[in-house]
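Down below is the structure, laid out as structure tokens.
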Amino acid sequence: MKQHKEEKWTRLDNASKFFPAVANNKDTKVFRFSCELYEDVDPEVLQQSLNLTMESFPFYNSILRRGFFWYYFESTYINPTVESENKPLCAPIYIRNEKNLLFRVFYYNKRINLEVFHSLTDGAGVIWFMETLIYHYMTIKYGEIFGNNIPRLNYKASISEKSDDSFRKNYNKKDNFLQRKSKQSSAYQIKGSRIKENRMKLIEGAMSVKSVLDISHEYNTTLTIFLTSLLIYSIYKEMPLNKKNKPIILSVPINLRPYFGSTTARNFFSTMNISHSTHSDNLDLNEIIQSVSNSFKENLTKEELDRKLNHFMSLEKSIFTRIVPLTIKDYAIYIANKLDDRKITSSISNIGKIIMPKEFNDYINQFSICVSARRPLITLCTYEDRLVISFTSPFEETDIQRRFFQFLSQKGVEIEITSNL
Amino acid sequence: MNYCTHCEVKIRENQEECPLCGNMLSGISNNRHEDIFPRIPPYYERHLAIRILLFISVAAVAISFSINIIFPSNINWPLLLLFALVSIWLGVIALVQRRYHISKKIVRQVCIISLLGVFWDWKIGWIGWSLDYLIPITSIAAIITMYITAQIMKLSIREYITYALIDGLFGIIPILFLLFGWIKVIYPTVICVTLSIISLSAIFIFRGKDIKMELNKRMHI
Ligand SMILES: [Zn+2]
């Protein structure tokens with residue numbers, strides 16, 4: 001039996017295939033999910049919790065290897081160990097020819113940081129791993145206080161459902177990848193001076209969910225659309241005059257799970273591009289909100305998402321793509337990605353609500369998520385009434401960040417700012 | 001908590017300037033907060049040493065070529081220097097990489113040594129020692145090293161089987177030298193081919209299933 005388990009391997013899902021080809025030192029394709037407690041982290045308890053968590057997520061115990069035509073995951077018996085934070089933010093995880101797990105767990109003072117290589121899973125997939133990890137941490141560390149009424153973690157899916165390739169499952173062969181969609185114009189590119197050693201600057205703003213929701217409602221819109229519009233607005237305000245002929249285009253990831261009824265802990269997302277032209281002399285936030293809200297509506301229909309999924313799957317399934325050796329595929333993806341990059345100004349990703357049993361409120365201050373970045377971009381998540389908006393950027397400049405947070409603080413939102421550099 | 005009056009935001013941690021606007025924070029409170037992020041020191045120094053060595057190598061090659069042009073000699077010694085340096089760097093790269101893929105490295109070394117050997121032999125007037133001795137002996141050494149390292153490092157069969165296979169196939173090639181009569185000394189070649197055949201048959205007879213599995217995994221389309 002053990003022998004059989006040892007030799008298990010899995011294909012990469014559709015989205016995972018992209019990341020090893022484009023990950024490099026400038027953009028490591030690593031994201032970090034943090035949980036900040038009120039007390040210092042206990043490394044021993046954290047290690048125990050990690051061991052327990054791994055039992056529910058056997059798929060996370062894999063390494064990424066190169067085949068002749070495709071990459072594949074190979075299951076291993078490497079035990080993940082927690083470490084005191086000793087690398088720069090979102091440092092490379094996947095290194096070719098090295099036999100490493102695709103995630104790491106760091107702790108530093110009050111924070112538990114889980115860093116993940118994007119091939120393994122996406123933001124929504126990792127929430128669940130993190131929730132399980134924190135759940136075990138809380139029950140081990142504070143089990144005595146909870147006594148007999150130890151809170152329960154809500155059950156979501158079986159182990160096989162967790163390691164589901166939902167792209168493959170929901171592909172219905174309707175699309176032909178040769179049907180190219182209409183060409184998009186190139187987008188405005190944010191420029192800046194790189195931080196040395198390709199490090200990233202993270203600026204985190206923590207605030208009350210309710211206060212930001214109130215402002216969104218003032219504008220008759222949702223939190224995500226409001227923040228997306230505010231990002232466009234902040235970029236617009238900091239744009240040099242002579243560049244104001246190019247549109248600002250944001251890439252917004254979409255979690256496909258709710259649309260396709262999936263509970264996979266692997267990748268299952270798509271992206272939409274939200275574009276806004278910058279021709280008019282004085283853009284108004286209301287105007288931006290209107291157009292962003294329309295784009296969201298158009299993109300978030302089941303038909304449109306179906307079309308996207310099938311488009312990418314047909315590309316992967318075509319015999320043409322399949323018989324090309326991996327090395328060439330890698331180059332092709334790398335170049336295609338470079339070209340696609342020109343069509344994007346920035347991106348914003350709302351991971352959503354983190355839900356933990358109420359009993360843990362007294363011990364957990366906040367959750368936050370951030371991601372490696374080639375350009376300034378935003379990731380955000382909420383826990384109870386705390387919203388953490390994380391800006392990551394490879395540049396020294398912080399004008400867009402300042403503009404963004406100042407807008408909120410002037411509206412009366414109390415913001416706590418943290419930065420890693 | 002500190003406060004930036006310009007941005008109207010609170011600043012966590014012990015920053016002296018506001019991370020957003022860069023203004024000095026006035027009235028920094030004396031009670032130090034615990035850091036949220038550790039300060040990670042740069043790793044520049046290590047890279048510098050490698051850069052200096054690389055620079056010296058390139059400079060040495062350039063200078064040797066120019067000396068050879070100004071004071072010509074019979075042997076093209078700058079080319080030999082170039083090859084020596086390239087081999088050294090290849091070796092360094094192999095060393096720097098982790099122990100993972102040791103079997104792959106063995107295969108790679110066999111190829112590099114064989115190619116360099118043939119080239120060298122040809123460059124100094126084709127005596128034939130590369131085919132007579134070098135290639136068969138390297139192949140024998142590779143097959144033996146492969147099994148010894150696999151035992152010592154307790155590699156699982158799947159980690160080295162593909163490379164053992166390549167090694168075995170490579171070791172059969174010298175039979176061509178024999179058939180075409182390219183070689184003067186036959187003992188090394190005969191030993192090499194025999195060993196390869198034994199090794200290959202062992203792999204196919206005892207580990208055929210593993211080979212099939214590995215191929216499935218590596219070649220899936
Ligand atoms: Zn400020």
Based on DSSP, what percent of beta bridges with both residues in region A:68-155 are antiparallel, to the nearest 5? 65 percent
Averaged over the residues of B:18-25, the number of partner chain Cβ atoms within 10 Å of each residue's own Cβ comes to 5
Around A:Thr271, which amide H atoms from residues at least 5 apart in sequence, or from another chain, sit under 5 Å from its own amide H, with H modelled in the peptide plane? A:Ile254
Using DSSP H assignments, which helices in chain A have an axial alpha-carbon span of 24 Å or above and a mean Kyte-Doolittle hydropathy of -1.0 or higher? A:123-141
Looking only at region B:168-205, which residues have a backbone nitrogen under 15 Å from a spot 7 Å from the Cα of B:Ile144 in the C-beta direction? B:188-196, B:199
Residue among A:Thr221, A:Asn242, A:Thr321 farthest towards the positive dipole end of region A:195-341, charges placed on Cβ: A:Thr321
So for A:Ser166, A:Ser208, what's the accessible-area order with a 1.4 Å probe, most first? A:Ser208, A:Ser166
Tell me the net charge near A:Tyr72. Cut-off is 10 Å between Cβ atoms, A:Tyr72 excluded, with +1 for each Lys or Arg and -1 for each Asp or Glu. +4
Could you tell me how many cubic angstrom of Cα convex hull volume region A:1-126 has per residue? 117 Å³
Between helix B:77-96 and chain B: long-axis angle, C-alpha atoms, 0 to 90°, nearest 10: 60 degrees
Treating the beta-carbon of each Lys and Arg as +1 and of each Asp and Glu as -1, no other charges, what is the dipole magnitude of region A:31-155 about its Cα centre, to the nearest 20 debye? 480 debye
Backbone HN-Hα couplings from phi across region B:59-74 [Karplus 6.51/-1.76/1.60, Hz, Gly and Pro as x]: 4, 4, 5, 4, 5, 5, 5, 5, 4, 5, 6, 6, 10, x, 10, 5
Out of residues 5 or more away from A:Lys201 or on other chains, whose amide H comes under 5 Å of its own, with H placed 1.01 Å from N in the peptide plane? A:Ser393, A:Phe395
Which whole-Hz couplings ³J(HN,Hα) result when phi for each residue of region A:30-35 is put into the Karplus expression 6.51 cos²θ - 1.76 cosθ + 1.60, θ = phi - 60°, listed in order with x for Gly and Pro? 10, 10, 10, 10, 10, 10
Check cross-link reach from B:Lys10 to the aspartates and glutamates: straight Cα distance under 12 Å, and skip same-chain residues fewer than eight apart. A:Glu204, A:Glu414, A:Glu416
Against the longest principal axis of chain B, how steep is helix B:135-152, in degrees 0 to 90 to the nearest 10, with axes from Cα atoms? 50 degrees
Applying the Karplus parametrisation 6.51 cos²θ - 1.76 cosθ + 1.60 with θ = phi - 60° to the phi angles of region A:104-120, what ³J(HN,Hα) value in whole Hz is obtained for each residue in order, glycine and proline being reported as x? 9, 10, 10, 10, 8, 6, 9, 9, 10, 10, 10, 10, 10, 7, 4, 5, 5
Can you work out the accessible area per residue across chain B, with the rest of the protein chains kept in place, probe 1.4 Å, in square angstrom? 62 Å²
Given H placed on each backbone N at 1.01 Å, which residues far from A:Tyr107 in sequence or on other chains put an amide H within less than 5 Å of it? A:Glu83, A:Ser84, A:Glu85, A:Asn113
Kirkwood-type radius of region B:168-221, with distances r between different C-alpha atoms, in Å: 12.7 Å
With +1 at each Lys and Arg Cβ and -1 at each Asp and Glu Cβ, the charge dipole magnitude of region A:1-88 around its Cα centre, to the nearest 20 debye, comes out at 820 debye
Can you tell me how much longer the chain between A:Ser158 and A:Asn97 gets when fully stretched, taken as 0.36 nm per residue apart minus their C-alpha distance, in nm with one decimal? 18.8 nm
Listed residue (A:Tyr107, A:Asn14, A:Asn282) projecting farthest to the positive dipole end of chain A, Cβ model: A:Asn14
Using the Kirkwood radius built from alpha carbon pairs, what does the Stokes-Einstein equation give as D for chain A at 37 °C and 0.692 mPa s, in µm² per second? 146 µm²/s
A:Leu241-B:Arg39 FRET efficiency (beta carbon distance; Förster radius 60 Å; 0.05 resolution): 0.95
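What Kirkwood Rh does region A:198-308 have if only Cα atoms enter the pairwise 1/r average? Answer in Å.
For region A:198-308, the Kirkwood estimate is 16.0 Å.
The values are calculated or read from the model by the stated rules, or taken from the named source; none is laboratory data. In this text, all values refer to a predicted model and were calculated from it rather than measured experimentally. Note that each Cβ is placed from the backbone with ideal geometry, even for glycine, and that neighbours are counted across all protein chains shown. What goes into the accessible areas is simple: the full protein's heavy atoms, side chains included, and nothing from ligands, DNA or RNA. Shrake-Rupley method; radii C 1.70, N 1.55, O 1.52, S 1.80 Å.
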